[in-house]
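Here's the structure, in structure tokens; my notes come after.
The values are calculated or read from the model by the stated rules, or taken from the named source; none is laboratory data. Note that the coordinates shown come from a computational prediction; the quantities given were computed from them, not determined experimentally. Backbone-built Cβ (ideal geometry, glycine too); neighbour counts: all protein chains shown. To get the accessible areas, we keep the full protein, side chains included, count just its heavy atoms, and leave off ligands, DNA and RNA. Shrake-Rupley method; radii C 1.70, N 1.55, O 1.52, S 1.80 Å.
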Amino acid sequence: MVTKAEKAEIEGDEAPLHRSCATGEVNERLLRTVEGYAESRAEIENRTARVLDAQVALRTGCTEIPVVVHVVYRNSTENISDAQIASQISALNADFRATNADKASTPTAFQGLIGDARVTFKLATTDPDGKPTDGITRTSTTTTPFNSDTDNVKSAATGGADAWPSDRYLNLWVCGNLRSGSGQSLLGYAQFPGGPTATDGVVVIHSGFGTTGTAAAPFNLGRTTTHEIGHWLNLRHIWGDDGTGCSGSDFVADTPNQGGPNYGAPTFPSSSCSNGPNGDLFMNYMDYTDDPAMVMFTAGQVDRMQAALDGPRSSIGISGPCAGKPIKEFVKDLPKDLPKDVIKDLPKDGIKDFQKDGAKDIPKDVAKDIPKDGVKDFPKDGVKDFQKDGVKDKPKDVVKDSPKDLIKDAPKDGVKDAPKDGVKDRPKDFIKDRPKDLIKDRPKDLAKDSPKDFGKDMLKDFAKDPVKDPRKEGVKDLQKDAIKDTPKDGIKEFVDDIPKQLRDPVKELGGEIGPIDPGPLINPAIGGGGFGGAFGGGATPFVIGGRDETEYGAGQPEEVSPLAVIAEQLGGMLAEYSSAAAAGQLSPADVARWQQLASVYAQIIALLGWAGRRQARRGGEHPPSRGGPRQARARDAGEGAMILIVSFPDNAHVERVLEHLDRPTVVFDIADFPHRTRLDARFGASADRISFTPHGQAEIPLEQIGAVWYRRVRPIGLDPALTDSTSRLFAWSESTEALTGLWHAMECFWMNPPAGDEAGQRKIRQLQVARAVGLAVPETLITNDPAAALEFISARDEGGVIRKAFRNIAEAPRSTAVVTADDRARLDDVRYAPVTFQEFVPADLDLRVIVVEHEIFAAAILSEPEYRTDYRPGIGSAKFSTYELPDEVAAALLALHDRLGLAYGASDFRVTPDGEHVFLEVNPGGEYLFASDRTGQPVPQAIAACLSRHDREHGE
Ligand SMILES: [Zn+2]
């Protein structure tokens with residue numbers, strides 16, 4: 001051990017006499033100099049408050065964070081040993097799991113506040129290039145001193161070491177002679193979440209790092225690094241960084257108000273700000289006391305750190321069960337999986353009722369896992385901490401005070417000083433005019449259009465006597481009418497275009513499907529011969545499919561479900577058959593083909609609607625028994641969980657998420673099935689095993705898949721050797737059925753759960769749920785009754801109503817447009833297919849709001865004036881900025897996701913000149929890049945983190 005004085009003598013630098021940390025100064029510098037940082041910080045704080053307020057379930061297990069230690073040294077002393085680095089990691093793992101023995105020194109009055117941060121640290125084993133590493137870099141330097149104001153230790157160009165990607169690694173720099181901007185000697189400093197990635201991480205002086213080697217008392221227990229990582233996970237100094245006043249807040253409810261920092265090793269009680277009798281929580285890691293004197297985080301600080309791990313830090317680390325989890329933690333983890341009423345009763349009725357009620361409701365394997373002696377310990381550790389940790393008793397102060405405090409404190413933290421042009425592009429009244437009571441007032445105005453009435457009117461008109469009133473008949477007859485009565489219009493054109501559409505997917509497959517001659521699909525007499533003719537010459541009629549979004553051009557969001565488009569197309573063809581049959585025009589061969597087509601159609605509908613048979617559950621479906629035999633076997637075999645992405649590799653949205661996934665992942669392209677992907681499903685006494693083997697990859701047993709991201713699939717791909725049309729049809733039908741079975745068999749987290757994807761994309765259902773959860777929506781009429789349409793339009797000003805299609809199909813684009821006099825003149829056409837009429841919502845601002853599980857990323861889109869009816873055509877010239885949804889709107893949107901069963905969605909809102917947030921629609925497969933790339937919001941990281949988290953949890 002080297003003493004402080006010896007060290008200073010040997011190295012010509014000095015360690016501070018008492019703790020000093022420049023994190024606050026760094027924060028102020030970033031607020032002054034980094035564009036967007038102030039907004040980013042405000043957003044993180046608002047989100048944190050909202051998360052804690054809403055008691056959104058934070059991850060319950062432990063998060064292991066990969067660490068890289070950059071040793072930057074001038075001499076052999078500063079080039080600290082691997083052992084000293086290892087001692088720091090050990091110290092962190094004790095401090096962040098509250099297993100440090102010295103926590104016992106916490107005064108009795110504060111013992112109950114101690115929280116297990118559920119974070120562990122591990123030196124990285126893979127470097128950014130994917131190569132093995134010991135998680136340590138060593139850089140010889142002549143630079144001195146290193147300065148928190150220039151961050152010179154964080155760049156090779158200034159004699160330091162470059163950061164590793166901060167969305168995957170926690171960077172720890174260790175150096176000598178560390179100074180603040182004013183030249184003060186420092187122990188360390190950190191960067192809060194939300195700052196520049198190149199400087200993200202923690203810097204600690206070598207003499208304050210670890211517990212051995214050059215670590216010098218009184219900073220030789222590794223607590224400097226614990227303190228700085230606390231900042232890195234969004235903790236503030238416990239006294240609130242207001243000097244020694246009593247008005248600053250650390251935004252943590254269970255830490256007593258405190259005047260200023262405590263140094264050295266105070267004795268209990270040590271009071272300030274009238275916080276007696278217990279006084280300051282000076283033994284907290286976020287005070288300025290010496291290493292031996294700081295021994296604990298509080299539960300409130302843990303919540304804040306966990307909110308950071310689920311928010312701005314969500315891309316880093318992998319979460320899983322806490323090793324050696326004490327019963328207390330086990331009980332705390334329970335609520336997520338238990339039925340609600342068990343949770344509710346648990347704290348109140350205690351262990352007795354817990355056991356009584358629990359036996360009934362707790363999945364068997366969970367009950368089995370409760371350690372035998374757990375029951376005995378439960379009352380002591382469990383109930384008290386359970387309540388404290390807050391299912392019910394989440395401190396009210398956080399909720400109530402946070403937003404207020406934030407606003408009040410903001411100028412102090414430098415929002416005032418933030419670069420003017422960083423905020424310039426925001427609409428002038430953006431933040432100021434976001435009155436909270438708007439939403440509250442809304443229901444009053446719309447009382448007469450309450451969800452009940454809305455649904456009643458709409459559904460009644462849809463369903464009422466469909467057969468008696470020809471105007472209200474279903475799609476089939478509607479199309480029949482269309483064909484007979486309006487040969488040149490609408491539906492007829494649509495039907496005529498089907499062969500072309502069915503050819504296009506084949507082209508997209510790069511000619512892999514060779515020319516075939518299926519023969520006339522239908523009697524050429526129908527449709528003037530165009531139908532049969534269109535199928536001649538080599539197209540294959542039965543490739544289901546769609547298109548990838550790139551076809552629509554950059555920046556043009558496209559939400560079409562390929563399967564649904566095909567279903568519509570096939571539905572149209574079936575209508576033709578029906579019509580031809582009624583006219584006596586079908587040959588026996590035509591009838592046979594009709595039946596085949598109907599069978600395919602039924603399967604697509606089943607595929608689209610399969611979800612209805614499964615329980616839609618927010619955040620995905622978990623197997624009823626996580627410890628089932630198959631999972632157990634996988635673990636025994638040493639196999640881990642992996643993420644399955646059902647999409648195609650050259651898809652930008654997928655590529656971007658792949659960059660951030662650090663779990664085993666496989667991308668499965670449906671176009672490779674069945675001709676290049678093997679499927680095996682074996683059942684029976686000898687084997688129960690389902691697996692598939694994607695093209696060029698290893699076999700994947702189904703139980704290995706812990707999370708599925710199902711996004712924008714391509715058509716299935718039949719072997720080109722199969723040329724007979726009937727054979728292809730049969731192969732297609734069987735392959736589709738097998739694939740559907742495979743999806744059903746994957747019992748794990750889905751983004752989105754198929755039920756959510758199916759129901760969530762239906763606009764009528766969206767509007768119904770949106771109203772039910774309290775979102776404002778435009779006055780809307782969806783009808784195929786011309787009279788109702790006329791009434792709706794007539795009741796409003798000229799130009800005050802827009803019309804739109806549920807879905808825009810390439811062959812019959814129907815852009816959203818204002819209803820004109822011409823439209824009014826042909827309103828009778830409404831009877832051919834329902835049309836959506838909506839009151840035009842004037843707005844200066846459009847919002848694209850991405851929800852990834854519980855996280856919200858809202859982007860404001862300020863268009864040039866000519867594009868303010870529809871921002872999409874003018875998206876290139878629009879200005880994007882991050883946006884904070886009002887709390888009520890955010891909560892309602894999350895509720896909408898919850899009700900629809902969506903883990904992911906992209907919603908469109910308009911913000912009216914009055915500041916009202918009007919919900920237009922949610923797109924379960926909607927694009928995020930066009931917005932997140934322009935705002936810098938970490939959406940791909942959030943998706944990756946979400947998938948990783950669930951995949952990890954699946955392996956529990
Ligand atoms: Zn600090």
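One residue stands out in segment 300-323 among those that are open to solvent by 10 Å² or more (accessible area, probe 1.4 Å) and either of a type in the set (A, V, I, L, M) or over 36 Å from the mean Cα position of the chain (by Cα) (or both): the one that is nearest to the ligand (Cβ to nearest atom), namely I318.
Considering (1) at pLDDT 85 or above; (2) within 25 Å of S907 (Cα to Cα); (3) touching a strand residue (DSSP E or B) at 6+ places or on another chain (Cβ under 8 Å), the lone condition that I690 does not fulfil carries the number (2). Against the definition (farther than 20 Å from L233 by Cα, touching a Pro at 6+ places or on another chain (Cβ under 6 Å) and open to solvent by 20 Å² or more (accessible area, probe 1.4 Å)), how does P128 come out, yes or no? So P128 passes the test. Of all residues in segment 260-290, those that are part of a loop (DSSP other than H, G, I, E, B), open to solvent by 50 Å² or more (accessible area, probe 1.4 Å) and within 16 Å of the ligand (Cβ to nearest atom) total 0. None of D280, D287 is closer than 30 Å to D162 by Cα, assigned by TED's automatic domain parsing to the domain that holds Q191 and acidic (D, E) except D287.
In segment 920-942, how many are assigned to a helix (DSSP H, G or I), in contact with a Ser or Thr (Cβ under 7 Å, 6 or more places away or on another chain) and closer than 19 Å to D870 by Cβ? Residues meeting the conditions: 0. Looking at D200, D167, can you tell me which residue is open to solvent by 30 Å² or more (accessible area, probe 1.4 Å) and closer than 20 Å to T137 by Cα? Every option except D167 fails the conditions. Only one of the numbered conditions (1) within 37 Å of the chain's Cα centre (by Cα); (2) within 16 Å of the ligand (Cβ to nearest atom); (3) not charged (D, E, K, R) is not met by F219, and that is (1).
Screening the candidates N79, N93, N100 for the property of being at pLDDT 85 or above and closer than 28 Å to N278 by Cβ yields one hit, N100. Looking across segment 204-216, the residues that are closer than 13 Å to S87 by Cα and within 16 Å of the ligand (Cβ to nearest atom) come down to G208, F209. Taken over segment 179-216, the criterion of being over 30 Å from Q941 (Cβ atoms), of a type outside the set (D, E, K, R) and either under 33 Å from the mean Cα position of the chain (by Cα) or part of a strand (DSSP E or B) (or both) is satisfied by S185, I205. Of the residues examined, T60 is one that is among the polar types (S, T, N, Q), surrounded by fewer than 23 Cβ atoms within 10 Å (Cβ to Cβ) and at pLDDT below 80.
Scanning segment 668-687 for residues that are in contact with a strand residue (DSSP E or B) (Cβ under 9 Å, 6 or more places away or on another chain) and open to solvent by 80 Å² or more (accessible area, probe 1.4 Å) yields R676, R678, R682, F683.
Any residue that is more than 11 Å from the ligand (Cβ to nearest atom) and modelled with pLDDT of 95 or more - is there at least one of those in segment 249-256? No; the residues of segment 249-256 include none that is more than 11 Å from the ligand (Cβ to nearest atom) and modelled with pLDDT of 95 or more. Restricting attention to segment 166-187, does a residue exist that is of a type in the set (S, T, Y), within 15 Å of the ligand (Cβ to nearest atom) and more than 18 Å from D290 (Cβ to Cβ)? Scanning segment 166-187 turns up at least one residue that is of a type in the set (S, T, Y), within 15 Å of the ligand (Cβ to nearest atom) and more than 18 Å from D290 (Cβ to Cβ). Of the strands (runs of 3 or more DSSP E) lying entirely inside segment 680-761, the ones with 1 or more residues being over 21 Å from the mean Cα position of the chain (by Cα) are found at 689-693. Just one of the listed residues (E791, E779) is farther than 21 Å from T912 by Cα and among the charged types (D, E, K, R), namely E791.
Tell me the residue from T150, T139 that is open to solvent by 10 Å² or more (accessible area, probe 1.4 Å) and at pLDDT 95 or above, please.
Numbers: T150 fails: at pLDDT 95 or above.
Only one candidate passes the filter, namely T139.
Residue-level analysis places A890 outside the set of residues that are in a loop (DSSP other than H, G, I, E, B) and in contact (Cβ under 8 Å) with a residue 60 or more places away in the chain.
Just one of the numbered conditions (1) in a loop (DSSP other than H, G, I, E, B); (2) in contact with a helix residue (DSSP H, G or I) (Cβ under 9 Å, 6 or more places away or on another chain) is not true of Q766: (1).
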